[in-house]
1. Can you say whether Glu65 is within 26 Å of Val178 (Cα to Cα) and surrounded by 12 or more Cβ atoms within 10 Å (Cβ to Cβ), as far as the supplied structure shows?
2. List every residue pair whose Cβ atoms sit under 6 Å apart, with the two residues 6 or more apart in sequence or on different chains, where the first one lies in the range 63-87 and is farther than 16 Å from Asn36 by Cα and the second, anywhere, is assigned to a loop (DSSP other than H, G, I, E, B) and not hydroxyl-bearing (Ser, Thr, Tyr).
3. Could you count how many residues in the range 44-62 are assigned to a loop (DSSP other than H, G, I, E, B) and open to solvent by 50 Å² or more (accessible area, probe 1.4 Å)?
4. Considering only the range 165-175, state which residues are without any contact (Cβ under 8 Å) to a residue 12 or more places away in the chain and farther than 17 Å from Pro53 by Cβ.
5. Output the number of the condition that Gln142 fails; it satisfies all remaining conditions of (1) under 23 Å from the mean Cα position of the chain (by Cα); (2) open to solvent by 70 Å² or more (accessible area, probe 1.4 Å); (3) over 20 Å from Pro37 (Cα atoms); (4) not aliphatic (A, V, I, L, M).
6. Go through the range 146-174 and give me each residue that's among the small types (Gly, Ala, Ser) and in a strand (DSSP E or B).
7. What pairs can you find where one residue is in the range 150-164 and polar (S, T, N, Q), the other is open to solvent by less than 50 Å² (accessible area, probe 1.4 Å) and in a loop (DSSP other than H, G, I, E, B), and their Cβ atoms are less than 8 Å apart, with a gap of 6+ or different chains?
8. Filtering the range 74-105 down to residues that are in a loop (DSSP other than H, G, I, E, B), of a type outside the set (A, V, I, L, M, F, W, C) and modelled with pLDDT of 95 or more, which residue is nearest to the chain's Cα centre (by Cα)?
Amino acid sequence: MTIGARARWRAAVVTVAAAAMVGLSAVPAAAHVTVNPKEATVGGYARLTFRVPNEKDNASTVKVEVALPEDAPFASVSIKPTPGWTVVVEKRKLATPIKNHDTEITEAASKITWTADAASAVKPGQFQEFDVSAGPVPEVSQVVFKALQTYSDGDVVRWIDEPKPGEEAEHPAPVLKVVPKPAAAASPAAPAGNSASGGTPASSDGGNGWPLGLSIAALVVALAALGLALRGKPTAAQP
């Protein structure tokens, strides 16, 4: 390889490396506060796990706040204890009461705050999960949980950006997709011979008498064949 070719080769390598570094710096951080599972069914109770990774190299996560949307309230919210963390659930009056098991609910949880003790903060390179049971799941397309993450150096990261089609948010909020209830299966029609209609009680095979009828017919045919065989058998000669 000539000197000129080597120089061009080195220049190409440097250019590619620089472009790669620029591309990597433009990629937003993948680690952010999320909620799992990603979806829940309308009317059901969901076990929600908020996963909080630590994104700093020189500070720990000491507090996590999750806001529950006012336009999609949960009638019931309960918290699973997280060792080393205290939890406070704030409530608010509802402008429009909601029903839960024939009971009118006039207030609902508005925010959940977890605070770590000195030994339980989320250190660099670690993450923590916080479990919540909430329901019934409101009849909406999605529930957006805006979250705040406070670090030991006083920095607060606001994970509050709502999703927009075709855009990738810098600080996306945890989002729970809500799916409708599955359609109820139609009840099968009662058989004509059902005892509820005054007829013959249905058989134990679901009201279908064909298997029993075929078995009886086969037995009759077998007995008839046996009888014909015995009838046609020659008798022994008399002495």
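The values are calculated or read from the model by the stated rules, or taken from the named source; none is laboratory data. All values derive from a computational prediction rather than experimental measurement. Positions of Cβ are generated from backbone atoms using ideal geometry, with glycine treated the same way; all protein chains shown enter the neighbour counts. Side chains included, ligands, DNA and RNA excluded: accessible areas come from the protein's heavy atoms. Shrake-Rupley method; radii C 1.70, N 1.55, O 1.52, S 1.80 Å.
1. Details: within 26 Å of Val178 (Cα to Cα): yes; surrounded by 12 or more Cβ atoms within 10 Å (Cβ to Cβ): yes.
So Glu65 passes the test.
2. Close Cβ pairs satisfying both conditions: Ala72/Pro138; Ala72/Val140; Gly84/Asp117.
3. Step one: of the range 44-62, the residues assigned to a loop (DSSP other than H, G, I, E, B) are 44-45, 54-60.
Adding the requirement that they be open to solvent by 50 Å² or more (accessible area, probe 1.4 Å) leaves 45, 55, 57-58.
The total comes to 4.
4. Filtering the range 165-175 down to residues without any contact (Cβ under 8 Å) to a residue 12 or more places away in the chain leaves 165-167, 169.
Within the range 165-175, Pro165, Gly166, Glu167 meet the criteria.
5. For Gln142, the exception is condition (3).
6. Residues of the range 146-174 that are among the small types (Gly, Ala, Ser), as a first pass: 147, 152, 154, 166, 169, 173.
The answer is Ala147, and nothing else.
7. Listed by first residue and then by second, the contacts come to Ser152/Ala59; Ser152/Ser60; Ser152/Ala121.
8. Within the range 74-105, the subset in a loop (DSSP other than H, G, I, E, B) is 74-75, 80-84, 101-102.
With of a type outside the set (A, V, I, L, M, F, W, C) added as a condition, the list becomes 80-84, 101-102.
Within this subset, residues satisfying the condition of being modelled with pLDDT of 95 or more are 80-84.
Values: Lys80: 18, Pro81: 21, Thr82: 21, Pro83: 25, Gly84: 27 Å.
Looking at residues that are in a loop (DSSP other than H, G, I, E, B), of a type outside the set (A, V, I, L, M, F, W, C) and modelled with pLDDT of 95 or more, I get Lys80.
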